[in-house]
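Remarks on the structure that follows.
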Amino acid sequence: MGMDVGTKHGGPKSEINVTPFVDVVLVLLIIFMVLTPLVLREISVNIPRKADDEVTADVAAQQVVLHLKAGGQLTLGGHQVRLETLGREIQRAFARRRQKLLFIRVDDPVNYGLAVQAMDICRGAGIVTLGMTTRQ
């Protein structure tokens, strides 16, 4: 470990003992390996791209859109809903639909936390795919 037995010199050793340094580095490595998955939480988002083809009004009329307006107002398919009843309204709107696709439109002044909370409620209500609409 770094012991010197039988030297004729009684002075200090000039060698560096790296064993404690290696122990500290290994402990730090283990700590970072454990904490890294906890820190890297993410939400996968597919950013919409501008389509080359125009969407027909027929397809757009079939889609359900959740619109988050400034001031915290929510509309689902053109009807005003409250955040507390959003989950039930979504389940009712998608009860007979095979495709669980909901589009979300968020106005600029809307709080980010409200938008994420609404998305979580939608996912909890059974929506499989959330799409974001953009301004035209």
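Laboratory data are not the source of any read-out in this text; all were calculated from the coordinates shown. As the structure is a prediction and not an experimental result, all values here were calculated from the model. Cβ sites come from the backbone with ideal geometry, for glycine too, and all protein chains shown count toward neighbours.
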Query raised in the report: Extent of region 59-132 along each principal axis, from alpha carbon coordinates, in Å, largest to smallest?
Result: 33, 24, 20
**Report entry** Rough spin-label spacing in nm, given labels placed 7 Å along Cα→Cβ, for Thr134 and Gln91
**Finding:** 3.5
